[in-house]
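Values in this text are rule-based calculations from the coordinates and carry no lab data. Given the structure is predicted, the values throughout are model-derived calculations rather than measurements. Note: ideal-geometry Cβ built from the backbone for every residue, glycine included; neighbour counts use all protein chains shown.
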Amino acid sequence: IASSSLATEWLKGKTVDEALAIDNMEIVEELALPPVKIHCSVLAEDAIKMAINDYRVKNGLPALELEKSHH
């Protein structure tokens, strides 16, 4: 929950390009996540990218080519 909560706070006021640049390792560092919890930050990063892509598609924009995080 902490990773997703931090990600949503970071999204406020950002452009789409800035939001897409959020990297899960930034979340890991900010929250000092232990290795066993890194997957939570990956899920948060992927959720941001998937939400932006969903918005684009629903508004007639081309889908982004998204790669899943493998950090």
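Just to confirm my numbers, what's the Cα centroid distance between the range 1-20 and the range 28-62 in Å?
9 Å
Mean Kyte-Doolittle of at least -0.5 plus a Cα span of 15 Å or more along the axis: flag which DSSP H helices in the chain meet both, please.
Going by DSSP H runs, the hits are 38-58.
Provide Rg over Rh for the chain; use the alpha carbon set for both Rg and the Kirkwood Rh (inverse mean inverse pair distance).
Reported Rg/Rh, Kirkwood definition of Rh: 0.99.
Between G60, M50, G13, whose Cα lies farthest towards the positive end of the dipole of the chain when Lys and Arg beta carbons carry +1 and Asp and Glu beta carbons carry -1, centred on the Cα centre?
Of G60, M50, G13, it is G60.
Between L61 and A32, what FRET efficiency comes out of the Förster formula 1/(1 + (r/R0)^6) with R0 = 25 Å and r the beta carbon distance, rounded to 0.05?
The formula returns an efficiency of 0.10 here.
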